[in-house]
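Each remark here refers to the structure printed beneath this line.
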Amino acid sequence: MDLKKFLDVLWARRWLALGCFLLAVLTSTVLSLILPSYYDARGRVLVGAATAESAVITAIGLRDAGNRGARADTDMADRIALAKATALLADVIERLQLRDASGDRFTPARVMQLALLSGRPSFAVRRIPSSDLIEVRARSRDPEQAAMAANTLMELYIEASRRERQEEYRRARVFIEQRLEQVKGDYQKTLTEIRDFLVAERTVDVGMETQSAWNRIVDAMKEKEQAAAAQAETMAKLVALRAQLGSNGVAVSTSAMSENRHIETLKRSLAEAESQRDGLLAEKLPGHPDVETVNRRMASLRQQLADEVQSFKRTSPEMESLERDVAGAEARIKDLDRQIAWSFAQLPAVSQKNFTQSQLDLRYDVLRNLYDNLLQTLNSVSISEAMTLADIRLVDPAMVPGKAVPAGPKRGTIRFMGVFLGLVAAIGMAFLLEHLDDTIKTPDDARAAGARLLGTVPRFRKGRRGALISARDRQDPVSEAYRIVRNNLRFVGESERPLKSLLVTSPLSSEGKTTTAANLGISVAWEGKRVLLVDSDLRR
């Protein structure tokens, strides 16, 4: 369709198009005036931020058992899903008492649908691209409520994240404690088996029996001397341990700490905490929160150390072991003299005893290392659980938006869309009706309908001369148009059959049937022919 036809269609349907356009513009204008204003408040939180918890744990030489890293190991989709959790949103609604016009509380699903026109309280949570920041946006008709809603959601979100991490630490601690009890039982059982084996076999080092008989005898003699020295050393340790365990303080021997790594770890942690407190007091007052936090931690460590020492005093495996060693050494010294004489007779049993002791020693070493590692890990997890902080930090709290600049609705945009949609509707309705209209109004319509076009008569006003061409000049355009129609009728008649009668009609009234018939009759009469004009309008 060329531009002229396009404009012709619009001009023919101009009143309909104008009506559609004005209706759309008026509707958008009224809508932009009656819609209430709403305000947006935005805040941001940082996921995986470095926390004081991680710094303290690193400072005391422990590995953060629950640290999942900042960005590499954090699933941002899970974090955003946590911010949209139904339970969290329900807490926000309960705290802010968000209700609809009927007094019923909003549902979490509804407040997560960002309101565009109603202005009801609603939220939106999204990740800022290429960062670890999460933006929380709250929308409301009241700017203060919007800021309060955004800040409340972020506050509860951070608290929920802290509880989640603390629960992870708790589950880890419970698992380690259960595993520690199991390993401790296996460890004590292995110690008992080793003791029973040594007592039953009456030996200290089975590997010595694999050497030659002569070397066996020489080694047995050396072992006798070593057993005597070990006995004296063990007795000295036993006396010192009894003296230390008899005191009321918390001092513990180095050998005792080697048997109980937890005591050693607690003392080292206490010393590091005291050093940290001294460093803080050099920069801050004694009542500063950081100093108070370290003081509370030192008190907790002292209590744990005292409890562990008391427990160690009640059931000291070191003293029991030392007493067994003293008794064993005494028995061993007596047996060595006899073993030298009959060592040759023991050669067949050496291989089996060596194999059995190797298995027991291997199991003992594995269980002891595992027990020590579990104790260290349990200490780390317990400290982390006690001072758990959220790995989400508030970096940009929501501010109260200014009432003079609401976030919406965009009234200018609504009006512009009204104008745009009005133009689209006007043009669309015009061409729709043009497509549905099957009436003939132009010569092209007649040709498209398959009719033969005989001519066209321009519109003219009757004026003082009336509508008949007999009152006009024969060179008048209207007279000329009727002569063209008359000549074309004559050609039609000559090409087919002589034309004797002609019917002029139309589907509607006042379309010019009488004027056309009369002027055609006058035009034919100008050629000197007789013409009979019959008006057969039966409705009149």
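The values are calculated or read from the model by the stated rules, or taken from the named source; none is laboratory data. Given the structure is predicted, the values throughout are model-derived calculations rather than measurements. In this analysis, Cβ positions are derived from the backbone assuming ideal geometry, glycine residues included, and neighbour counts consider all displayed protein chains. Accessible surface areas use protein heavy atoms only, side chains included; no ligands, DNA or RNA. Shrake-Rupley method; radii C 1.70, N 1.55, O 1.52, S 1.80 Å.
Residues to consider are V504, V531; find the one that is under 28 Å from D438 (Cα atoms) and either outside any loop (DSSP other than H, G, I, E, B) or open to solvent by less than 80 Å² (accessible area, probe 1.4 Å) (or both). Within the list V504, V531, the selection yields V504. The condition of being closer than 30 Å to N373 by Cβ and hydrophobic (A, V, I, L, M, F, W, C) does not hold for I158. Restricting attention to the stretch 447-492, the residues that are of a type in the set (G, A, S), in a helix (DSSP H, G or I) and loosely packed, with under 13 Cβ neighbours inside 10 Å total 2.
Yes or no, residue by residue, for (1) closer than 25 Å to S161 by Cα; (2) in a loop (DSSP other than H, G, I, E, B); (3) open to solvent by 30 Å² or more (accessible area, probe 1.4 Å):
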position: L389; (1), (2), (3): yes, yes, yes
position: V395; (1), (2), (3): yes, no, yes
position: I414; (1), (2), (3): no, no, yes
position: A426; (1), (2), (3): no, no, no
position: L432; (1), (2), (3): no, no, yes
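Residues considered: D444, D438. Of these, the only one that is assigned to a loop (DSSP other than H, G, I, E, B) and open to solvent by 50 Å² or more (accessible area, probe 1.4 Å) is D438. Scanning the stretch 108-154 for residues that are closer than 20 Å to D391 by Cβ, open to solvent by 30 Å² or more (accessible area, probe 1.4 Å) and in contact (Cβ under 8 Å) with a residue 40 or more places away in the chain gives R126, R127, I128, L133, N151.
Of the residues making up the stretch 482-509, those that are modelled with pLDDT under 85 and of a type in the set (S, T, Y) are S495, S506, S509. Residues of the stretch 90-104 that are free of Cβ contacts under 8 Å to residues at least 60 places away in the same chain, hydrophobic (A, V, I, L, M, F, W, C) and either crowded, with 17+ Cβ neighbours inside 10 Å or at positive phi (or both): I93, L96, L98. Selection of the stretch 341-365 for residues being modelled with pLDDT under 65 and open to solvent by less than 50 Å² (accessible area, probe 1.4 Å) yields S343, A349, V350. Is it fair to say V492 is touching a helix residue (DSSP H, G or I) at 6+ places or on another chain (Cβ under 6 Å) and aliphatic (A, V, I, L, M)? So V492 does not fit the description; no.
Pairs are defined by a Cβ separation below 8 Å, a sequence spacing of at least 6 or placement on different chains, a first member in the stretch 269-282 that is more than 21 Å from A306 (Cβ to Cβ) and open to solvent by 70 Å² or more (accessible area, probe 1.4 Å), and a second member that is at pLDDT below 85 and acidic (D, E); no pair meets this definition. All conditions in (1) more than 18 Å from R452 (Cα to Cα); (2) in contact (Cβ under 8 Å) with a residue 24 or more places away in the chain; (3) not aliphatic (A, V, I, L, M) hold for K500, with the sole exception of (2).
Could you say whether any residue in the stretch 232-240 is at pLDDT below 70 and either under 25 Å from Q303 (Cβ atoms) or loosely packed, with under 13 Cβ neighbours inside 10 Å (or both)? The answer is no, given that none of the residues of the stretch 232-240 is at pLDDT below 70 and either under 25 Å from Q303 (Cβ atoms) or loosely packed, with under 13 Cβ neighbours inside 10 Å (or both). Annotation note: Cβ proximity below 8 Å between a residue of the stretch 518-539 that is without any contact (Cβ under 8 Å) to a residue 60 or more places away in the chain and farther than 15 Å from L502 by Cα and a residue that is open to solvent by less than 70 Å² (accessible area, probe 1.4 Å) and assigned to a loop (DSSP other than H, G, I, E, B) (sequence gap 6+ or interchain) occurs for R539/S509.
Taken over the stretch 397-412, the criterion of being open to solvent by 90 Å² or more (accessible area, probe 1.4 Å) and within 30 Å of E155 (Cα to Cα) is satisfied by M399, K403, A404, V405. Scanning the stretch 168-180 for residues that are of a type outside the set (A, V, I, L, M, F, W, C), more than 21 Å from R363 (Cβ to Cβ), buried (at least 18 other Cβ atoms within 10 Å of the Cβ) and at pLDDT 75 or above turns up at least one hit.
The residues listed here are T265, T192; of these, the one that is farther than 20 Å from V326 by Cα, modelled with pLDDT of 60 or more, in a helix (DSSP H, G or I) and open to solvent by less than 60 Å² (accessible area, probe 1.4 Å) is T265.
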